[in-house]
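Note sheet for the following structure.
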Amino acid sequence: MNYLVTEEVAELLRTTPETVRWWRHSNKGPKSFKVGRRVLYAREDVETFIAEARGEQVPV
């Protein structure tokens with residue numbers, strides 16, 4: 001499994017790391033988890049977030 005940090009998610013979504021942090025804080029962004037002080041995102045969770053934002057059906 002491949003994991004991304006906040007800055008990589010922001011780059012992928014063409015937004016700022018601050019926006020991604022706000023999404024995480026307000027429970028609006030892709031699923032994330034912490035390992036120590038680092039926040040990580042599974043690539044498949046980010047892809048699911050993008051698909052849902054596009055209104056695509058996401059298989060369960």
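Coordinate-derived values only; no laboratory data. This is a predicted model, so every value here is computed, not measured. Positions of Cβ are generated from backbone atoms using ideal geometry, with glycine treated the same way; all protein chains shown enter the neighbour counts.
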_Cα-based Rg and Dmax for the chain, where Dmax is the largest Cα-Cα distance (Å)_ = 11.1, 34
_Order these by the 10 Å Cβ neighbour count, fewest first: ARG43, ARG38._
ARG38, ARG43
_Residues TYR3, TYR41, sorted so that the one with the fewest Cβ neighbours within 10 Å comes first_ = TYR3, TYR41
